[in-house]
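The values are calculated or read from the model by the stated rules, or taken from the named source; none is laboratory data. Given the structure is predicted, the values throughout are model-derived calculations rather than measurements. Here the Cβ positions follow ideal geometry from the backbone for every residue, glycine too, while neighbour counts run over all protein chains shown.
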Amino acid sequence: MQQDVPVKKIVIFASGNGTNAENIIRYFQDHPGVEVTYVFSNKKNAGVLKKAHNLEVKALFFDREAFYKSNEVLHLLIDVQPQLIVLAGFLWKFPENIIKHFEGKIINIHPALLPKYGGKGMYGDYVHRAVVENQEEETGITIHYVNENYDEGAIIFQAKTNIKPGTTPEEVAHSVHELEYKHFPEVIEKLLSP
Ligand code: GAR
């Protein structure tokens, strides 16, 4: 007799355009054991909310009060019971109570080779501009667990790309996004596999 295996749930947090969120949603769309259950965003007009809606994933906006004070976001997460909380371009610091409650279940993607180019204010294009200004010969992506400090949790996965002299920050951003699209869903799938 076949037994029903419960579906593993992912909740994505994102603040911006949401191309990674979309890529993850599409990757797991026809996956038998994993679903993206919710997209949460702290920006009312974030592109990610529209993308989630178009892909028929429940999407909701929350404010600072709900995240840091009233525990509304924590309680929603407790109700959903996700196996993994995935930060894909999410720019607010995670509150300690959510981190404690979901210890080892919250991961983030950072568009550089941590510990380089991490920390407060280092996100998105700011990272790529700094990388080019410093004439780095390589950059990449880091997928890591989330702890109380920005970009300091244990590293799960890194991938690199070379930078030729004269490469613009926009070109670096493009290469880094390509790495993100290729690897992020696969790493999530591995973390969720028994
Ligand atoms: C991604 O490149 C992600 O690595 C980065 O924001 C971008 C979001 O793009 N995250 C950070 O910088 C976090 N510090 P997207 O909205 O198109 O997925």
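A few points about this structure:
- Between PHE94, PHE67, PHE28, the distinction of being within 14 Å of the chain's Cα centre (by Cα) and surrounded by 17 or more Cβ atoms within 10 Å (Cβ to Cβ) belongs to PHE94 only.
Conditions tested, residue by residue: (1) within 25 Å of GLY104 (Cα to Cα); (2) in contact (Cβ under 8 Å) with a residue 60 or more places away in the chain; (3) within 14 Å of the ligand (Cβ to nearest atom); (4) out of contact with any strand residue (DSSP E or B) (no Cβ under 7 Å at 6 or more places or on another chain).
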{"site": "VAL131", "(1), (2), (3), (4)": "no, no, yes, no"}
{"site": "GLU136", "(1), (2), (3), (4)": "no, no, no, yes"}
{"site": "LEU179", "(1), (2), (3), (4)": "yes, no, yes, no"}
{"site": "PRO185", "(1), (2), (3), (4)": "yes, yes, yes, yes"}
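- With a requirement of 1 or more residues that are in contact (Cβ under 8 Å) with a residue 60 or more places away in the chain, under 22 Å from ILE156 (Cα atoms) and within 12 Å of the ligand (Cβ to nearest atom), the helices (runs of 4 or more DSSP H) lying completely within region 15-111 that satisfy it span 19-28.
- Residues within region 139-152 that are away from the ligand (no atom under 11 Å from the Cβ) and at pLDDT below 95, tallied: 4
- Scanning region 113-125 for residues that are within 8 Å of the ligand (Cβ to nearest atom) and either assigned to a strand (DSSP E or B) or buried (at least 17 other Cβ atoms within 10 Å of the Cβ) (or both) gives GLY118, MET122, TYR123.
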